[in-house]
1. Name the residues in segment 106-134 that are outside any helix (DSSP H, G or I) and more than 20 Å from residue 47 (Cβ to Cβ), would you?
2. Of all residues being in contact (Cβ under 8 Å) with a residue 12 or more places away in the chain and part of a helix (DSSP H, G or I) in segment 42-53, which is farthest from residue 120 (Cα to Cα)? Just the residue, please.
3. So if I check each of 84, 103, 57, 40, which one is within 18 Å of residue 22 (Cβ to Cβ) and in contact with a helix residue (DSSP H, G or I) (Cβ under 9 Å, 6 or more places away or on another chain)?
4. Does residue 85 count as closer than 20 Å to residue 128 by Cα and not in a helix (DSSP H, G or I)?
5. Given the conditions (1) in contact with a helix residue (DSSP H, G or I) (Cβ under 9 Å, 6 or more places away or on another chain); (2) within 15 Å of residue 107 (Cα to Cα), which single one is not true for residue 67?
6. Does residue 62 fit the bill of being modelled with pLDDT under 95, assigned to a loop (DSSP other than H, G, I, E, B) and out of contact with any strand residue (DSSP E or B) (no Cβ under 7 Å at 6 or more places or on another chain)?
7. Conditions first: (1) at pLDDT 90 or above; (2) closer than 21 Å to residue 125 by Cβ; (3) buried (at least 17 other Cβ atoms within 10 Å of the Cβ). Residue 83 passes all but one, so which condition is the exception?
8. Does residue 93 satisfy the criteria of being closer than 17 Å to residue 25 by Cβ and loosely packed, with under 13 Cβ neighbours inside 10 Å?
């Protein structure tokens, strides 16, 4: 599957397959937002990369290689800024308020990973919170 299509709804009539697909799409959406946070200042620090992997492993209860795969897909997606908004739409559509707060906390953790939250990261955090209704 082309990484551009990972945020699209599934085209299946199999309920179990559809639920697995939705869970994966949500993981891709969240990871895309975390990667956008890491790149928004045009400086992708190694500590931010490591934090994204740690957060996704912990939050999604997946292995490091699966987290790396999510990050690689997300890196392709965020090259198109419309995909960042699509990721936000996906999170808004399927997440509770508590889950949205968790996404915001994860994004903050990525921004803080290199020890500095610059104005671009702060702007994106505010944008993220606004779009998530926080």
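The values are calculated or read from the model by the stated rules, or taken from the named source; none is laboratory data. Everything quoted here is computed from the prediction, not taken from an experiment. Virtual Cβ from ideal backbone geometry, glycine too; neighbours counted across all protein chains shown.
1. Correct list: 132, 133, 134.
2. Looking at the filtered set, the residue picked out is 53.
3. Result of the check over 84, 103, 57, 40: 103.
4. Values: closer than 20 Å to residue 128 by Cα: yes; not in a helix (DSSP H, G or I): no.
It is false that residue 85 is closer than 20 Å to residue 128 by Cα and not in a helix (DSSP H, G or I).
5. (2)
6. The answer is yes for residue 62.
7. That leaves (1) as the condition not met.
8. Working: closer than 17 Å to residue 25 by Cβ: yes; loosely packed, with under 13 Cβ neighbours inside 10 Å: yes.
For residue 93, the condition - closer than 17 Å to residue 25 by Cβ and loosely packed, with under 13 Cβ neighbours inside 10 Å - is met.
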